[in-house]
Every structure is written in C-alpha cells, then in structure tokens.
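In what follows, a structure is listed as structure tokens, so that the remarks can point back to it.
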Amino acid sequence: MDNDRHQLILIMERSEFLRETLHRSKALELGTYFVGAGCITQTVWNHLTGRPLTYGISDIDLVYFDAANLSFEEEDKWIKKASLSFNDIPFPVDVKNQARVHLWYESKFGIKLNPYRSLEEAISTWPTTATALGARVEQNGDYRIYAPFGLEDLFTLTLRPNKKLITEDVYDQKVEKWRSKWPELKVIEW
C-alpha cells in the first residue's frame, strides 16, 4: 500500500463519524458502493490544517450502483434504510444510485448525461481531482479506495477542476465555498 493510501486510511480511522459511517455502510449490503467526495476530502483537509475533523462538512455521500433497478422507489428504500442506520451521525446521508443519475441530471443541471456503466465511472466525473474519491470497508475489514486521479491533490490541498462534467461556473462556486472555509487551498484556475 502506498504512503498516501495508508495516510488516508489512518485519517479516516481517526475520525469517529467517518469510521462509523464506513463500517455501518458495509452492514447496509448495498452491493457495489462507496462513501465519497466531500466528507472524506474535507476530513483530510481538516486533519492537514489542524481543524476539528468534522469542520465544514455538510453531508455524507453514499453512492451505489444498481443498473438492474433504476426506480426512485428502490433508491428511496436505501435512503430510508440509511437514515435509520445513521440517525446518530451528525450529518445527513445523501444516498444515490449512480446508475440512475442520467434520469434526473439534465433537468437539474442542464447537461445531458449518458448512463454510467459503473460506480467508478461515475466517481471519475466528480467536480475536482481531490473530491473524485470513494472509500469503503470490505467484508474482510480491508479498505478499498478508489481515486481515479490519485491522492496527491488531496494531500497537497490542491483544487484542480475535473472537466469531464462540470462547468466553469460550478467549479468557481465550489472553489469560493471551500476557500471560505479552507483558505489554505491552492486553486488551479479553470
């Protein structure tokens, strides 16, 4: 295991809410899933900048992939199950079936999206190289980390746009929001 992955696992284990979230997610039996994006990235930023590990976190992204059932009713079943499982975690859990994102993405964001073929493909389109990140605890207790752009930007506090899906305006909004909380971030312009 490389040093960055080892360091990431240590930080996630040090964060009580993230450790609990990762271990409880395993018990949901979602199939292919990851806890990802901001809650992990921001926990690492907090660790690196000496802030409380929960500082600035607004929610937990729990994503899964079920192309066999694209109904909202099925996704809602998992949303309700997660809500019960995580009712004592201090952040809302945002559960999304990435196999059905193409059904609502255009009406919400104005961009037509082809169906994702895998959970990893979905994560590889997330807005920045530092937030395109997922983690889970396997049934045997090992961590599985998916970081299509590596972990260097995460650990160097670098915001770099992932131009696969987002627009410059969306990137600028995210940069503004995150820089207001972590002024140490190094921003790569669009």
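The numbers here are math on the coordinates, done by the rules we state, and not lab data. Keep in mind it's a predicted model, so treat the numbers as computed, not measured. When we count neighbours, we look across all protein chains shown, and the Cβ atoms used for this are built from the backbone with ideal geometry, even at glycine.
Scanning the stretch 77-125 for residues that are within 15 Å of L22 (Cα to Cα), in contact (Cβ under 8 Å) with a residue 60 or more places away in the chain and under 18 Å from the mean Cα position of the chain (by Cα) gives F86, I89, P90, F91, V93. Just a yes or no: is a residue in the stretch 150-162 more than 22 Å from E20 (Cα to Cα) and surrounded by fewer than 13 Cβ atoms within 10 Å (Cβ to Cβ)? Scanning the stretch 150-162 turns up at least one residue that is more than 22 Å from E20 (Cα to Cα) and surrounded by fewer than 13 Cβ atoms within 10 Å (Cβ to Cβ).
Inspect the stretch 95-105 for any residue being closer than 20 Å to E13 by Cα, among the aliphatic types (A, V, I, L, M) and buried (at least 20 other Cβ atoms within 10 Å of the Cβ) and give the result as yes or no. No, the stretch 95-105 contains no residue that is closer than 20 Å to E13 by Cα, among the aliphatic types (A, V, I, L, M) and buried (at least 20 other Cβ atoms within 10 Å of the Cβ). V101 fulfils the conditions (1) closer than 29 Å to E189 by Cβ; (2) outside any helix (DSSP H, G or I); (3) touching a helix residue (DSSP H, G or I) at 6+ places or on another chain (Cβ under 7 Å) except for a single criterion, (2).
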